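The values are calculated or read from the model by the stated rules, or taken from the named source; none is laboratory data. Predicted, not measured: the structure shown is a model, and the values here were computed from it. Methodologically, a virtual Cβ is constructed for each residue, glycine included, from the backbone with ideal geometry; neighbour enumeration extends over all protein chains shown.
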Amino acid sequence: MKKTLPIIAVIALLVSLFAVYKSYQSSELVYVDVNKLLEGYNRTKIVRADFEKKAKLLRSNVDSLVVDWQKELKQYEKERARYTRKELALKQELLGNKQQQINNYQQAIQKQIQDEDKKATQTVINDINDYVKEYGKKKGYRIIFGANSSGNIMYADEATDLTNEILEGLNTEFKGKKE
């Protein structure tokens, strides 16, 4: 009995050490470079191009209103000498109101453009997050950090960088959805 107790203790110690080693090995800390994923993901390019088309169209609508207003203003300045005081005041008020409406429309369009940009970006981010979550589950990672240029990961061994591997899988999955 006295001889088996130390043997059991040594075996228990070895099993414990092995279990600790395995748990550290399986909880390897890894990360992805979020900026590289956003830039390299094919869907980002498509979504960005669609957004730019919409934004350009909305801006061109505002630009044409501004050009029309400027023409009216030049016309007013040419003909201003012919107007009576009452007509001058009325025309100035109309031009001022139109300018205010254009400014309000321009602000609304700018907000719409910002909202569309956020929505488009969020769609891409959701794709990436969903893919990384499934990838992490499949590969048995407990944590996958997201690094960006803000410096939330100051140093990491290149062997822990999954960015290229995830980007490949993400683009392959997206290509399959398109077809």
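Odds and ends about this structure:
- Criterion violated by N104 - all others in (1) within 37 Å of the chain's Cα centre (by Cα); (2) touching a residue at least 24 places away in the same chain (Cβ under 8 Å) satisfied: (2)
- Among (1) surrounded by 15 or more Cβ atoms within 10 Å (Cβ to Cβ); (2) in contact (Cβ under 8 Å) with a residue 60 or more places away in the chain; (3) assigned to a helix (DSSP H, G or I) - the single one Y141 does not satisfy: (3)
Residue-by-condition table, conditions (1) aliphatic (A, V, I, L, M); (2) surrounded by 11 or more Cβ atoms within 10 Å (Cβ to Cβ):
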site	(1), (2)
V67	yes, no
R80	no, yes
A89	yes, yes
Q101	no, yes
I113	yes, yes
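- Within segment 153-172, one or more residues are among the acidic types (D, E), surrounded by 15 or more Cβ atoms within 10 Å (Cβ to Cβ) and not in a helix (DSSP H, G or I).
- If the condition is being under 30 Å from K119 (Cα atoms) and either in contact (Cβ under 8 Å) with a residue 24 or more places away in the chain or polar (S, T, N, Q) (or both), then segment 52-97 contributes K54, A55, L58, R59, S60, N61, V62, S64, L65, V66.
- Qualifying residue in segment 8-20 (condition: more than 30 Å from K175 (Cβ to Cβ), assigned to a loop (DSSP other than H, G, I, E, B), at pLDDT below 90 and not aromatic (F, W, Y)): no
- Yes/no for N103 being among the polar types (S, T, N, Q), under 20 Å from L37 (Cβ atoms) and part of a helix (DSSP H, G or I): no
- The listed residues are T4, T44, and the only one of them that is modelled with pLDDT under 65 and of a type in the set (V, I, T) turns out to be T4.
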